[in-house]
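**Student:** The structure is given below, and queries will be raised subsequently.
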Amino acid sequence: MGFAMDARNAVEALAAHLAESENRAGKVIRQPPMGELIESLELERLIAQGGLTGAAFGTFLERYLAAATRLHHPGYMAHQVAVPHPMGAVGSLIDGTLNNAMAIYEMGPAASAIEFVLVNWMLAKVGWTPQPLPPAEGASGGGVLTHGGSLANLTALMAARARIDPEAWQDGVSRDLVVLAPEACHYSIARALGIMGLGRRALRAAPADADERLRPDRLPEALGRLRDEGCRVLAVVANGCCTAAGLYDPLREAGAFCRENGLWLHVDAAHGASALLSERLRPRLDGLELADSMIWDAHKMLRTPTVCAAVLVRERADLDRAFRQEASYLFHDKDQPGFDFIQRTVECTKAALGLRLFMVLAAEGEAALARYIEGRADFARQAAERIRRQPGFEVAVEPESNIVCFRAPGSDEHQLDLRRRLLERGRHYLTTTAFRGRRWLRITAMNPGTDLDDIERLLAELGESPCPDA
């Protein structure tokens, strides 16, 4: 009875919170001092004494929601984190209640079935062959859902290492392995190389243009230099799209080069892969099917609660060789009516991540999600056009996704100061980024309710803090 009552009260409070946020009530962001929050939420007392139910739970939830960042508020234009669909949130509730740690089939048959179907759905969107059921001999793609894009990038590079250096799992990594990636690649690529024991030195800068896009025409020269140094290229990494400005690398040209030279091409499409749902935007990823691996975060543009990221490979055998586990309580002969994902992932205990994405897709359908993705890309271009008309303002580059980088008049320090003032007022929430050697304010249009009136209000607020040098 307590669970039902507390869950009902939580749903009602959350529904009210979402309605307020969508109607632009309150601030999009509040950042009270952590010490005050610890005291207000009575965290230490509750840990020691318990009793978080009924009226006490209601009080806690009210205070917690008051301090929460409101992603559903149209003033939210910050990080690449989904404004989750309500049914995706319901999926999180179901998953949290059942706690089916479904890395092995017997611990979550329904969750495993959903993940298998979703992975095949994604493979088909890329242009790769879905995996048959039951698994059979022959080539097909493969994949797994992981807890975030950073872990997905690590998993993909582990698969690449297993192909070029199959003894590394047993004997340790070879010191001649390097990864060739544009400097605009996500920091998780360098982090993965550190975790793999290759070190930061193994990340070599790929040739890029002034907008930080990969230049495939200069890859032969870069590869020649590396081979002269005695290096072997574990993988070439391309962006689809990059985090800072949301620009896509020329994947077809990069893929053709890698195929001709026997190199593994990995595409970090964590943010941009959702364009595959749109016939109009899909050409941004032209040539993706030539890659060997890619990642795709559902918790970005597929309106799925954090976290749900896919790592996908063109040849499933590559992913199945990435890890070599030994655990007698898991890996042994047994009846297998389903599929175990555990051999493809770092995690032993894995949440039913696919349930969250499935609930969104099942509620909305592909066509509706495609319209959302197209709508946010269209909005980014309209916002950029409006910002350009503001006297003294500058847009970095024509948006290719839902990301807009722009500057108000003034120095790099002034851009940072403007963001600080925005966060203090709490009506709008942006980020900043470095691009082309300068600091830019950055809009990421994640919220389906953010419109051009919000851009007008943002520009008006920025005008309240004129450049000190003006």
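**Student:** Is any helix in the chain, taking whole DSSP H runs, at least 24 angstrom long along its axis by alpha carbon and on average at least 0.0 on the Kyte-Doolittle scale, and which ones?
**Tutor:** Working: long enough: 2-22 (30 Å, 0.13); 109-126 (26 Å, 1.24); 366-388 (33 Å, -0.59).
Those that pass (Cα extent of 24 Å or more, hydropathy at least 0.0) are 2-22, 109-126.
**Student:** Just the ratio, please: alpha-carbon radius of gyration of segment 252-368 over 2.2 N^0.38 Å, N its number of residues.
**Tutor:** Taking the Cα Rg and dividing by 2.2 N^0.38 Å, one obtains 1.25.
**Student:** Report Rg/Rh for segment 1-159, rounded to two decimals, where Rg is the Cα radius of gyration and Rh the Kirkwood radius.
**Tutor:** Rounded to two decimals, Rg/Rh equals 1.06.
**Student:** Next question, about the same structure. Please report the spacing between the Cα centers of segment 423-470 and segment 124-152 in Å, no decimals.
**Tutor:** A separation of 39 Å, based on Cα centres.
**Student:** Over 20 Å intervals from 0, what percent of Cα-Cα pairs in the chain sits in each interval?
**Tutor:** All Cα pairs considered, the percentages come to 22, 52, 24, 1.
**Student:** Students often forget the sequence filter, so: which lysines lie under 19 Å Cα-Cα from residue 27 once same-chain residues fewer than 8 apart are removed?
**Tutor:** none
**Student:** I'd like to compare 208-220, 54-66, 182-194: which one has the highest average count of other Cβ atoms within 10 Å, and what's the full order after that?
**Tutor:** For the peptides 208-220, 54-66, 182-194, the packing ranking is 182-194, 208-220, 54-66.
**Student:** For segment 371-463, what number results from the quotient of the Cα radius of gyration and 2.2 N^0.38 Å?
**Tutor:** For segment 371-463, the normalised Cα radius of gyration is 1.00.
**Student:** In addition: Remind me, relative contact order of the chain in percent, using alpha carbon pairs under 8 angstrom and six or more residues apart? Present the calculation step by step, with values, prior to reporting the outcome.
**Tutor:** On the way: 883 pairs, mean separation 102.5, N = 470.
The normalised contact order for the chain reaches 22 percent.
**Student:** Over the alpha-carbon set of segment 1-90, work out the extent along each principal axis and list the three values in angstrom, largest first.
**Tutor:** 39, 33, 22
Values quoted throughout were computed directly from the atomic coordinates according to the rules given, and no laboratory measurement underlies them. None of these values were measured; they are calculated from a predicted model. Here the Cβ is made from the backbone with ideal geometry for all residues, glycine too, and neighbour counts use every protein chain on show.
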